[in-house]
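One structure below.
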Amino acid sequence: GVKEVLIFIADGLSGIQETIRKYYPRADFQSCIVHAERNMLSKVRAGDKDIIGREMKRIFDSSSEEEARRRFNEFKEEWNNKYPKAIYNMETRLDLLLTYYRYPEPVRKVIRSTNMIERLNKEIRRRIKIIDSLPGEESARKIIYLRIIEENNKYSGRTVLGFNICKDDIMRIFDMRYP
């Protein structure tokens, strides 16, 4: 029943952006920076991981999109000869990785990754793992359903970090997109 969405945050699942655009053409799409960092670090030598990880954090912690793009270009200059394919892959997704800069600063950290969803998935896996044997698939579904209800109840009364500070700004963005 959802008809109007402001932003989707997702990992690098193949085809997800195209599917979202098909049904929600006005919605923004943010690729998870944590997944992007992990993907990049999986393609570099062990000796370079620490410095590349720090430099990527500097890119994504920039105070503005312009600063992030400038830092990425510096990063690209430094590492492109050594890791051209990894840099190219990141560069082609850069617009999707920096979408969060279109939103007010207080909510940027929350909307730039899928950490909240990842935490829920981890909790579900943890809950199923401790049960030695389930009688069937239906039992697993019930456990997952009950865990999601539990988490939903836990978070339903809470506001996303920073949202109250910039709620009016977000509503203006929403009203401009969906008049």
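The values are calculated or read from the model by the stated rules, or taken from the named source; none is laboratory data. In this text, all values refer to a predicted model and were calculated from it rather than measured experimentally. Note that we place each Cβ from the backbone using ideal geometry, even for glycine, and neighbour counts take in every protein chain shown. Heavy atoms of the whole protein, side chains included, go into the accessibility calculation; ligands, DNA and RNA do not. Shrake-Rupley method; radii C 1.70, N 1.55, O 1.52, S 1.80 Å.
Annotations for the structure displayed:
- Verdict on THR99 being under 29 Å from MET56 (Cβ atoms) and open to solvent by less than 50 Å² (accessible area, probe 1.4 Å): yes
- For segment 54-65, the tally of residues that are surrounded by 13 or more Cβ atoms within 10 Å (Cβ to Cβ) and out of contact with any helix residue (DSSP H, G or I) (no Cβ under 6 Å at 6 or more places or on another chain) stands at 1.
- Test: ILE52 is touching a residue at least 12 places away in the same chain (Cβ under 8 Å), in a helix (DSSP H, G or I) and over 30 Å from ILE165 (Cα atoms): yes
- LEU134 vs. criteria out of contact with any His (no Cβ under 7 Å at 6 or more places or on another chain) and open to solvent by 100 Å² or more (accessible area, probe 1.4 Å): no
- Top-ranked residue in segment 66-95 [being farther than 20 Å from ASP28 by Cβ and outside any helix (DSSP H, G or I); ranked as least open to solvent (accessible area, probe 1.4 Å)]: TYR83
- Screening segment 145-173 for residues that are open to solvent by 60 Å² or more (accessible area, probe 1.4 Å) and of a type in the set (A, V, I, L, M) and picking the one that is nearest to LEU6 (Cα to Cα) gives MET171.
- Residue count for segment 139-176 satisfying the condition of being farther than 28 Å from TYR100 by Cβ and at pLDDT 85 or above: 5.
- Applying the criterion of being among the aromatic types (Phe, Trp, Tyr) and free of Cβ contacts under 8 Å to residues at least 60 places away in the same chain to the residues of segment 1-49, the residue that is farthest from ASN73 (Cα to Cα) is TYR23.
- In segment 1-40, residue most open to solvent (accessible area, probe 1.4 Å) [restricted to those that are among the hydrophobic types (A, V, I, L, M, F, W, C) and part of a loop (DSSP other than H, G, I, E, B)]: LEU13
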